[in-house]
Every structure is written in C-alpha cells, then in structure tokens.
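Just so you know, all these numbers are worked out from the coordinates, no wet-lab data involved. Quick caveat: nothing in here was measured; it's all calculated off a predicted structure. When we count neighbours, we look across all protein chains shown, and the Cβ atoms used for this are built from the backbone with ideal geometry, even at glycine.
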Amino acid sequence: MRFDFKILDLIHRKIFLSIIFVSIAVSLLFLAGFLYLNKTNLSTSNLFGLKLVDKVSPPSEAKGKIYLTLIPIDGSFSQGLYYFDLASMKLEKLFVNEDRSFITNDFSPRRKDVMAFIMWDADGNRQIFIRNNRSYNIRKLTISDTKRKIDPEWSPNGKKIAFSASGPGRESVGPFVPEDWNVYVTNLRGMETFISKGIYPKWSPDGKKLLILKNDGLYVYNRNGTGSGNKVWSVIDGKARFSMKIDVSTDGSMIAWSNAKDGVVVIIKVTSWSPFKGSIYRVLKTSSFWPTFSKDGQFLAVQEIDYNAENTNPRLVIYNIETMERETVLDLSDYKQDFMFVSDWQQ
C-alpha cells in the first residue's frame, strides 16, 4: 500500500498551525492578565511579596526649593531662614537679620507668596508671624504667653495654623519628652484653641484631623480639640522621643517618622484617616531629623548626621521614596547642627 505523503504533509501543517495558534492565544491571555493586574494596582511581583517598580526619577531630578532654619558657626548672624534651590544647587538667604532670630517657616497652600514663621516678640515670647514675601509686609498673628512656639503648619484650606508650644513662661522643656509641649490651632485672627499635649502637629488631607506625636506614639485628634484622641501607632519601647520628627505628604497618603537615635526613618502608607489605617511602606537606614516630603510625594528630604560622632557632619540628603536611592545635596557643616530645621519643600 502506498502512503500518501501529501496527506501527511497537510496533517503536519495543520498541527503546526494549531500549535502556533495556541501559543499566540496563550501569550495574549497572559498579556491581558498582566495588564489587568497592573490596572488593579497589583503586579506579578506582588504575588511573591515584592513590589513592581515603574520607571522613576533619581534623586538628582528632584525639583523645587527646600526651606531650612540655620545659624552659621562663624559670623554674627542669628537663627535665620534659608532655602536650597535644587535647580541652581545653591543655598540662599530668605529672611536673615543680625539682630533677630527667625525659625521654622511654612508656606500657605493658597498663597505661595505668604508664609508663617516664628519670631521673638518684645516680651521675649516666640510668636507666629505672617509675611508676604512680595510686599515684605509682616503681621503678628499669635499673642499668647507660651514661651516657646515652633513648627507652624498651615491647614490645607489655608484658614488655620497648627503649632507646638511649651507652657507659659517656661524657659526650657526639661527632659525633652513630647508631652512637655502642647499643640494648638489658631485662626488667622490669632484665636488659639488647645488640642492636646504633644508636639509636631500635621494635618490630614481634608483638614479635619491632626496627627500628633505623644509620649507613647502617634495620635489623631479632631482639629477643633473636641473628643479624645485615638492612638494610631505605638513605639516599640513605649517611649517616644522629642528628637523624633514627623511629616505627612501633601495628599495624606504617607507619614514619615524619623528616629535618629536608632538610625531609621519609617515611611507609613496611609489608606484611611477616619478610621486611621496604615502600614509600613519603607524603612530608610539613616540617622536623620526633620523629614520633609516634596509636594509631589516622590522624594523625602532629611537633615542627616553621623550619630554619636565627635563631628556629626550634618548634611541635607534627598531620598527617592520608591527606589530608596539617596543623594547628599548640601553640606551643612558650616552651621550649628543643634539649631537646624527643615520645614518646607515648595515645587
């Protein structure tokens, strides 16, 4: 019997084409599945506990101006306000005077030319002042007798300012624990409302809540001081430190919490403020103070030091939050490390 090779060839071709068709179909299904995973904010790497990282900018591509409070080691200048321009890579004076000290400025979210800052008044109390950087007009806002006010923070709508202050007439803060301080909110007429004991208030993105550092961790309070605060994050040893600093990203999706003594900055990813829900997102190995988010939330600036070293070698460092790449952008060794603040980042 003769075997028809034409028939065999036809069968082979059909099988081959079927294999190709099945391969293409499987590939398309895999691609569709992959795109769906990404569309729903997942990735194949998430299945193994990893995060798929998209293309992101390195720290050197961070933009804007970072605002600092500094005192030169040499010279006659007092504590003053400076900014570091990431475009020119130069440190510039914003508000510096030989006879007066100015600390911790924060710009209004509604008026980029208006900032709140701290200055001593004639009675020797630190008060909040508001300055228009175009007209140079300065207005005193607070009048209370709390001796030491620091860290003014505008509400998202630009109508209120939260701040920390030590008790009336106190010259120092004793053992340097968070609840040696009080948190207040003032309106733009200078009417102050007590919120709670604690320090470093930061606003929720809707302006209804305040995040406050207390002796045993982070708490969330109502902006008007009503009700009791809710503890949302504990410290491991039960004792928070005055030297810890916190910041909240503009969109409220992240909290940065520095602990210079233990050499870490923890970044918490927030999924809800009411009720509060969050989880650890990044841990940066750095002995740093004053974590400050860029407005777009891609970067974090910190004032980094060599902890417990004779020469602490202070410097301004920027981290890319997604990749955790770091870059030292400014040497601060010509300034007194104990009197430094990083207070704002405008883009």
- Task: With a Förster radius of 35 Å, plug the Cβ-Cβ distance of Asp251 and Ser76 into 1/(1 + (r/R0)^6) and report the FRET value to the nearest 0.05.
- Result: 0.25
- Query: If you line up the Cα atoms of region 77-185 on their principal axes, what length do they span on each, largest first, in Å?
  - Reply: 41, 34, 27
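Expressed in whole Å with the largest first, what are the equivalent ellipsoid semi-axes of region 59-346 derived from the C-alpha gyration tensor as the square root of 5 times each eigenvalue? If you can, show how the numbers build up before the last one.
Working: eigenvalues 120, 119, 73 Å².
Largest first, region 59-346 gives 24, 24, 19 Å.
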- If the chain between Ser88 and Arg139 were fully stretched, how many nm would it gain, using 0.36 nm times the residue separation less the Cα-Cα distance? 15.2 nm
- Estimated FRET transfer efficiency (Lys261, Glu327; beta-carbon r; R0 30 Å; 0.05): 0.80
